[in-house]
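Written below as structure tokens is the structure these notes are about.
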Amino acid sequence: MSDGTHRFFGHVIDGEECASADGRRFETVDPWRRAPWAEVALGGAADVDRAVAAARRAFDEGPWPRMGSAERGRLLHRFADLIEAHAEELAQADTTDMGKPITETRGKDVPRTAANFRFFADHARLTAAEALPSDTGHHVYTRYEPAGVVAAIAPWNFPLMMASWKVAPALAWGNTVVLKPAEQSPASATLLAKLAVEAGIPAGVLNVVHGFGGDGAGQALTEHPDVDRITFTGESATGRVISAAAARNLTPVSLELGGKGANLVFADADLDSAVDWSIKAIFTNAGQVCLAGSRIYVERPVYQEFLERLSKAAAALRLGAPGEESTQIGPLSSQEHYEKVRSYVELAESGEGRVVTGGLGDGWTVRPTVVADVPEDSRLVREEIFGPVVVVTPFDSEREAVELANGTPFGLNAMVFTENLHRAHRLSAALDVGTVWVNCFFVRDLRAPFGGVGDSGVGREGGTYSREFFTEPKAVVMRIAAAEAQA
């Protein structure tokens, strides 16, 4: 659908791409060119009502939740095949929408999206329920029933991949979904839902509604009484609002929120490896990653050497047009977000720390920025910057390192770089986070729990944890008559 000027991305409701009920649209902006590139249906309460009603019919009356897991799995694998076949279109959509380098969207995000659907298709098919031995003359076993209509709200930093982390397990377990992508990155969600229809997934099973949060489509979706589950990834303040709305309807929520990841580098670490992973942990996707290692604490004997190596590697990263193969750092996702990150860079440049390398670039870009000598009570240390800015601080003991790492309301993830096996295990237990990576970063095993503590969220997803969230476990207790009673 098009208006002749820009490409148009509509909602996908009950298997059909459509405009908003009131015809309203908004523009989605290419952050590299800082100009609109497409128009998008602007959803409101009426559009959410239509989408939830379609999902409700598909769940209550349609074949999807009643299919065997093998048949659902076959269709989800077909869905994954189509994602791979349309990889370039999906990659270009996310690159244009949010400025992510094409090497990341094409090389990582799209393949991981397809892999997510394949994993959960097989996980649901192969998962066994419990049979509980009983000496009371009863047979007891469990069933996992789909929960119902899932509201999935995806973030803008990994638009396609993060949507699939929610949609794939929800569909695999027989639920129907209303997906609301972030308003900054709507395009790939429309494409994804249209591919679901092409794959043979019944109409109404995967719906997409575009729009804004606040008093727009996001609020209407999270407050809707016919929604049975809410899964959200985004900032902590929005997570609190969603949690309060869900509580009014007693709707279970899974919230993956902000982070301020600590990266602990000990003197015995392989510094080449520690620098390489630390660069990836903070500058991938221009630092727009909830898992970013934005606080690096380095044991004092190697602090200066590590700081010099890190700064040199950061300065060597190529900032440029997202569509160019050589680009490693693209623009920030929007003018609003650029202004936020800019305020932190200017704070560092004003004397609250020492900028070793980096600073503001052209347009909505920020060069990879390394800041040293920052007090622990600074906003640069306490708040989630969500940009290519890292603070590096020395420490003198293992105990101090743990205290510094845990000295934040966030608890999503941490990293530890050490060759000491005993220390690695001690710190993995002592760090108050949902994930600890030792001598690596962002290795995601879909069988493992994923989520955070404190201001980083509520609940876990992945493997059996996704099954627990997206299903209603049911106990079946069956009396077995004694043989003599049958005589």
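Tabulated data
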quantity	calculated
Selected residue (criterion: modelled with the lowest pLDDT) from residues of region 346-358 that are of a type outside the set (A, V, I, L, M) and either assigned to a helix (DSSP H, G or I) or surrounded by fewer than 15 Cβ atoms within 10 Å (Cβ to Cβ) (or both)	G351
Test: residue in region 176-193 that is of a type in the set (K, R) and assigned to a strand (DSSP E or B)	yes
Filtered residue count, region 23-46, keeping only those that are in contact with a Gly (Cβ under 7 Å, 6 or more places away or on another chain) and of a type in the set (D, E, K, R)	1
Every residue from region 210-237 that is in contact with a helix residue (DSSP H, G or I) (Cβ under 8 Å, 6 or more places away or on another chain), in a loop (DSSP other than H, G, I, E, B) and open to solvent by less than 60 Å² (accessible area, probe 1.4 Å)	H210, G211, G213, H224, V227
So A430, is it modelled with pLDDT under 95, open to solvent by 20 Å² or more (accessible area, probe 1.4 Å) and either among the aliphatic types (A, V, I, L, M) or in contact with an Asp or Glu (Cβ under 6 Å, 6 or more places away or on another chain) (or both)	no
Criterion: under 30 Å from A430 (Cα atoms) and either aromatic (F, W, Y) or over 26 Å from the mean Cα position of the chain (by Cα) (or both) - qualifying residue of V302, V381	V302
Candidates G407, G451, G387, filtered to the one that is open to solvent by less than 50 Å² (accessible area, probe 1.4 Å), on the phi > 0 side of the Ramachandran plot, touching a helix residue (DSSP H, G or I) at 6+ places or on another chain (Cβ under 9 Å) and not acidic (D, E)	G451
Candidate set from region 246-256 (those that are hydrophobic (A, V, I, L, M, F, W, C) and surrounded by 18 or more Cβ atoms within 10 Å (Cβ to Cβ)); member that is farthest from M161 (Cα to Cα)	A246
Candidates S334, S343, filtered to the one that is out of contact with any strand residue (DSSP E or B) (no Cβ under 6 Å at 6 or more places or on another chain), among the polar types (S, T, N, Q), surrounded by fewer than 17 Cβ atoms within 10 Å (Cβ to Cβ) and within 21 Å of V289 (Cα to Cα)	S343
Residue list for region 153-164, filter: open to solvent by 10 Å² or more (accessible area, probe 1.4 Å) and under 14 Å from L76 (Cβ atoms)	none
One residue from P473, P449 being under 30 Å from F232 (Cβ atoms) and without any contact (Cβ under 8 Å) to a residue 60 or more places away in the chain	P449
Test: residue in region 328-335 that is in contact (Cβ under 8 Å) with a residue 12 or more places away in the chain, in a helix (DSSP H, G or I) and over 28 Å from the mean Cα position of the chain (by Cα)	no
Filter pass, T96 being under 18 Å from E468 (Cβ atoms) and open to solvent by 10 Å² or more (accessible area, probe 1.4 Å)	no
Restricting region 391-408 to residues that are in a loop (DSSP other than H, G, I, E, B) and without any contact (Cβ under 8 Å) to a residue 60 or more places away in the chain, the residue that is farthest from S456 (Cα to Cα)	S397
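The values are calculated or read from the model by the stated rules, or taken from the named source; none is laboratory data. Remember, it's a predicted structure, so these values are computed and weren't measured experimentally. Reconstructed Cβ throughout: ideal geometry from the backbone, glycine too, with neighbour counts over all protein chains shown. Accessible surface areas use protein heavy atoms only, side chains included; no ligands, DNA or RNA. Shrake-Rupley method; radii C 1.70, N 1.55, O 1.52, S 1.80 Å.
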